[in-house]
Amino acid sequence: MLTLLRTFRERNYALFFTGQGLSLIGYWIQSTTFNWLLYQMTDSALWLGYFSAAINLPVLLLLPLAGSLVDRFDRQRLLLALQGLFMFQALALAILTHFDLLTLKLIVAMGCLQSILTAFDGPARQAFVPRLVANREHLPAAISLNSMLFNTSRAIGPPVAGWIMAQTGPAPCFLLNALSYLCIISALLLMRLSAPPISINSARRQGVVDNLRLILSAPPLRYLILSYLSVAVATMSVYVLLPIWAREVLGAGPQGLGWLMGGIGAGALIGAAIVGTHRQPARLWPLFRQTACLLGLALILLSQTEGVGPALLVTVLLGLAYIAQGVAANTLLQLSIDDEHRAGVMAFYLLAAFGSIPVGNLLGGWLGEWQGPHGAALVSGIAVLVITGLFWSTSNRVIAQAAALAAHPSPASGRSE
């Protein structure tokens, strides 16, 4: 825990953490309100799914291209511009909602706009964090703290949105999110950063194909992204079935769903904290594989679970393993690439994270219909272990290379060729 707290000695990171934390709470308030309004306008779970997929499609399509473009700009200025656009989008939603002008077409259009902005904001934020920590040993803790912040804000924002909507309606929720962007904008303006060394020639050469070629030619990068994507798809196929677990298996209704989601959230915080205490890649590589094994076993345990108490304990394990693996993958990627390719490569990591959700949800719906929730959890758990086994020899080589670099460090260590 002391390792995590030492990261706040980095002034720029402390500013970013504070501003981003307040802004993320606003984001989750808006996200909850937005989904509620969309459901009210469609009055159909099926159409809600279709429109949600359409709204999220731009971020999936644009992420690889956005990542390559982000690497060509000063990320601090780019983030400032993006936060300003997010703020005006939220303000527009507040005005349209207040005057009862928000139609289904408008809400879908505003959702697509946010999706487009997110495609650029995600890689920019991921690539910006390493510039905020002067001491490279603090980077794993900084990335873990970001994950903890994201999960904490996700626990705070939705209940606040529900209370505000019940008291005053949806418009103030959008207004509150618009105001929250002032926090991250202020933090960015207060930072003291040296100008990044951007090579014009490399910026011209860099593109989606170049970043993809870099990933495919570097076994550690290829292993991280493909393994994480495969495991994430299997996990998301069970995650989408949690409402069915709460109602049909546990007989606990919405409150049971809250308990299960809370268990995952608690486990996520623990998993992110565990990764944050590991400073060296030589220790993170084995952890990445160990959490995949734990995740597979947790899913198999879930398939044998009946009561609320045991299910809650298993969801804590699920959240711990899944988030710990994701944060480990994020950290190892950040430590393995140079700054000129950072946003482009991290865009593919985000593509794996975001892309696993619709694919896993579709797979989970099919498995749940065919095998039921217990069978779906069992199949997914076995799939995670099989996937991990298929990558075992590759992970052995990567772990051995990391151990050798740790024993005999060189100036080039920490970057992939």
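The values are calculated or read from the model by the stated rules, or taken from the named source; none is laboratory data. Predicted model only: the values in this text are computed from it and were never measured. Here the Cβ positions follow ideal geometry from the backbone for every residue, glycine too, while neighbour counts run over all protein chains shown.
Remarks
- Taken as a whole, the condition of being of a type in the set (Ser, Thr, Tyr), modelled with pLDDT under 85 and under 22 Å from ALA155 (Cβ atoms) applies to THR7.
- Looking at ARG342, ARG397, ARG415, just one residue is at pLDDT below 80, part of a helix (DSSP H, G or I) and under 30 Å from HIS138 (Cβ atoms), and that residue is ARG342.
- Among the residues of the range 212-221, those that are touching a residue at least 12 places away in the same chain (Cβ under 8 Å) and either surrounded by fewer than 20 Cβ atoms within 10 Å (Cβ to Cβ) or of a type in the set (Asp, Glu) (or both) comprise LEU212, ALA218, PRO219.
- Test for VAL316: is it surrounded by 23 or more Cβ atoms within 10 Å (Cβ to Cβ) and either part of a helix (DSSP H, G or I) or not assigned by TED's automatic domain parsing to the domain that holds ASN146 (or both): no
- Residue among ALA404, ALA376, ALA383, ALA311 that alone is assigned by TED's automatic domain parsing to the domain that holds LEU212, modelled with pLDDT under 80 and more than 15 Å from the chain's Cα centre (by Cα): ALA404
- The test for being modelled with pLDDT of 90 or more, assigned to a helix (DSSP H, G or I) and assigned by TED's automatic domain parsing to the domain that holds LEU57 holds for PHE88.
- VAL308 vs. criteria touching a helix residue (DSSP H, G or I) at 6+ places or on another chain (Cβ under 6 Å), among the aliphatic types (A, V, I, L, M) and either more than 13 Å from TRP245 (Cα to Cα) or touching a residue at least 40 places away in the same chain (Cβ under 8 Å) (or both): no
- Just one residue in the set PRO140, PRO158, PRO130 is in a helix (DSSP H, G or I), under 18 Å from the mean Cα position of the chain (by Cα), at pLDDT below 95 and more than 26 Å from MET346 (Cβ to Cβ); that residue is PRO158.
- Flag for LEU37 being part of a helix (DSSP H, G or I), out of contact with any strand residue (DSSP E or B) (no Cβ under 7 Å at 6 or more places or on another chain) and under 30 Å from LEU214 (Cβ atoms): no
- Only listed residue being surrounded by fewer than 20 Cβ atoms within 10 Å (Cβ to Cβ) and either assigned by TED's automatic domain parsing to the domain that holds PRO130 or touching a residue at least 12 places away in the same chain (Cβ under 8 Å) (or both), chosen from GLN290, GLN280, GLN325, GLN334: GLN280
- The one condition from (1) more than 17 Å from CYS173 (Cα to Cα); (2) in contact with a helix residue (DSSP H, G or I) (Cβ under 6 Å, 6 or more places away or on another chain); (3) surrounded by fewer than 22 Cβ atoms within 10 Å (Cβ to Cβ); (4) not hydrophobic (A, V, I, L, M, F, W, C) that PRO140 does not meet is (3).
- Which listed residue, of GLN76, GLN114, is buried (at least 21 other Cβ atoms within 10 Å of the Cβ) and touching a residue at least 12 places away in the same chain (Cβ under 8 Å): GLN114
- Filtered residue count, the range 90-111, keeping only those that are surrounded by fewer than 16 Cβ atoms within 10 Å (Cβ to Cβ) and under 20 Å from PRO58 (Cα atoms): 4
Residues checked against (1) more than 25 Å from PHE288 (Cβ to Cβ); (2) of a type outside the set (Val, Ile, Thr):
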residue	(1), (2)
ALA134	yes, yes
ILE143	no, no
SER147	no, yes
ALA161	yes, yes
LEU175	yes, yes
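- The residue that is farthest from ALA66 (Cα to Cα), counting only those in the range 96-109 that are assigned to a helix (DSSP H, G or I) and free of Cβ contacts under 8 Å to residues at least 24 places away in the same chain, is LEU96.
- Test for THR118: is it in contact with a Pro (Cβ under 6 Å, 6 or more places away or on another chain), part of a helix (DSSP H, G or I) and outside the structural domain of VAL275 (by TED's automatic domain parsing): no
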